[in-house]
Amino acid sequence: MKFQLAINMERISPDIDMRDVERHTLEMVQMADEGGFHIVWAAEHHALEMTIAPNPFQILTWWAAHTDRIRLGTGVAVAAYWHPINLAGEAALVDLYSNGRLEFGIGSGAYQREFDRMHAGLKQSDAWRYMQEMLPAVKALWQGDYAHEGEFWRFPESTSVPKPVQQPHPPIWVAARAPITYDYAVKHQCNIMSWPLTRPISELEAYLGRLQTALEENPGKNRPIFATMRHTCVYDNEDDWMMPVEAAMRQLGQFENLFKNAGGVDNGFPAMVDLSVLENRDEYDPKMLHEHLMFGTPEEVIKKLRLYDELGVDQFTYYASLGLGLKEQKRSLALFINEVMPEFAEN
């Protein structure tokens, strides 16, 4: 099993210095590069301090200049916020700057609040249609001159400048939860990024079932790479188990606000909703969070990851951003690199 890192520049409160966050994020990426991680992902979000990522390609260019081997992914570029020519060119430029290290992740977007500001009138639940029109257009622009007459974009003959270093194109990933997206990924040979949120391993099993159904309904198509992401924290002592749980509960209170459009945002900082009053409050029970998320001592995390490996997860995404202290984040990543990853090394 290979390993990926997803990390955001994040501020949970205004008393955290942005410069400290910037330095810390790059140092974490450099640790992952030196430690043998396969891919690092940069998100796209707007006007939110908990995920400071207005342009993932800028972030990847920054990381490319300070790393040597790790591959650099957009996790994900939100299709509805871009024009195909712009998106194709930005992505190809990062592939050029990084000497062919780009992993191109594209998706529908997560928060209705962002759509209300970035693409007024578009419902998040309809945004998958933009992704499915965008991707073929970007791939065509990477190959040469191409004119587009679609539902959402129209433009005369044009091309991507520059072209990507990787040919015929960089590896493509889609964020997938719904069956329709698994079917699209298999049909179009896209790798799959999944996130079971805080739900039990049965949620992951459901995603793998959707992948298997899509493969059966599309005979002759190759199985894409399947990656899944969990909030991750490795610590030295079993007695420390509440440390990441408490951090996650604070951050997830903001996430539920955005995910369900359930609260206000003050100067970029989402209010924390009361997790105890949510219909899905059982997903945030401390013991359930400890069980479902990738929290534990090295031995506990290895045991959890072996289940993922046995289920058929090809690559595991270590989600580092959960409002944890910067010191604790680095200790966790060091333990993961030094004590967990060697257990999954190829013989």
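The values are calculated or read from the model by the stated rules, or taken from the named source; none is laboratory data. Fair warning: this is a prediction, and the values are worked out from it, not measured in the lab. Methodologically, a virtual Cβ is constructed for each residue, glycine included, from the backbone with ideal geometry; neighbour enumeration extends over all protein chains shown.
When Asn261 is tested against the conditions (1) in a helix (DSSP H, G or I); (2) at pLDDT below 95, the lone failure is (1). Considering the range 105-136, and only residues there that are closer than 23 Å to Trp41 by Cα and small (Gly, Ala, Ser), the residue that is surrounded by the most Cβ atoms within 10 Å (Cβ to Cβ) turns out to be Gly105. Here Ala43 meets each of (1) in contact (Cβ under 8 Å) with a residue 40 or more places away in the chain; (2) within 14 Å of the chain's Cα centre (by Cα) with one exception, condition (1). Could you check, for the range 265-281, whether at least one of its residues is within 30 Å of Gly35 (Cα to Cα), modelled with pLDDT under 85, exposed (fewer than 14 other Cβ atoms within 10 Å of the Cβ) and polar (S, T, N, Q)? No, the range 265-281 has no match at all. Inclusion of Ala227 among residues that are in contact with a Pro (Cβ under 6 Å, 6 or more places away or on another chain), under 25 Å from Arg129 (Cβ atoms) and surrounded by 22 or more Cβ atoms within 10 Å (Cβ to Cβ) is not warranted.
Taken as a whole, the condition of being among the polar types (S, T, N, Q) and part of a strand (DSSP E or B) applies to Thr232.
Within this structure, Leu252 passes the test of being under 20 Å from the mean Cα position of the chain (by Cα) and in a helix (DSSP H, G or I). Restricted to the range 338-347, and to residues that are among the hydrophobic types (A, V, I, L, M, F, W, C) and either farther than 18 Å from Ala32 by Cα or in contact (Cβ under 8 Å) with a residue 60 or more places away in the chain (or both), which residue is surrounded by the most Cβ atoms within 10 Å (Cβ to Cβ)? Checked the range 338-347; the qualifying residue surrounded by the most Cβ atoms within 10 Å (Cβ to Cβ) is Val340. Just one residue in the set Ile85, Ile16, Ile70 is farther than 19 Å from Ser108 by Cα, out of contact with any Pro (no Cβ under 8 Å at 6 or more places or on another chain), among the hydrophobic types (A, V, I, L, M, F, W, C) and touching a residue at least 40 places away in the same chain (Cβ under 8 Å); that residue is Ile70. Counting only strands (runs of 3 or more DSSP E) that fall entirely inside the range 116-209 and contain at least 2 residues that are at pLDDT 95 or above and either of a type in the set (Val, Ile, Thr) or within 18 Å of Asn222 (Cβ to Cβ) (or both), the qualifying elements are 172-175, 191-194.
Applying the selection to the range 172-183, what residues are more than 19 Å from Val78 (Cβ to Cβ) and not aromatic (Phe, Trp, Tyr)? Within the range 172-183, Pro179, Asp183 meet the criteria.
Assuming Val301 fulfils every condition listed in (1) under 15 Å from Phe344 (Cβ atoms); (2) in contact with a helix residue (DSSP H, G or I) (Cβ under 7 Å, 6 or more places away or on another chain); (3) surrounded by fewer than 16 Cβ atoms within 10 Å (Cβ to Cβ) apart from one, which condition is it? Looking at each condition in turn, Val301 falls short on (3).
When Met243 is tested against (1) out of contact with any Lys or Arg (no Cβ under 9 Å at 6 or more places or on another chain); (2) within 29 Å of Gly105 (Cα to Cα); (3) among the aliphatic types (A, V, I, L, M); (4) assigned to a helix (DSSP H, G or I), exactly one condition is not met: (2).
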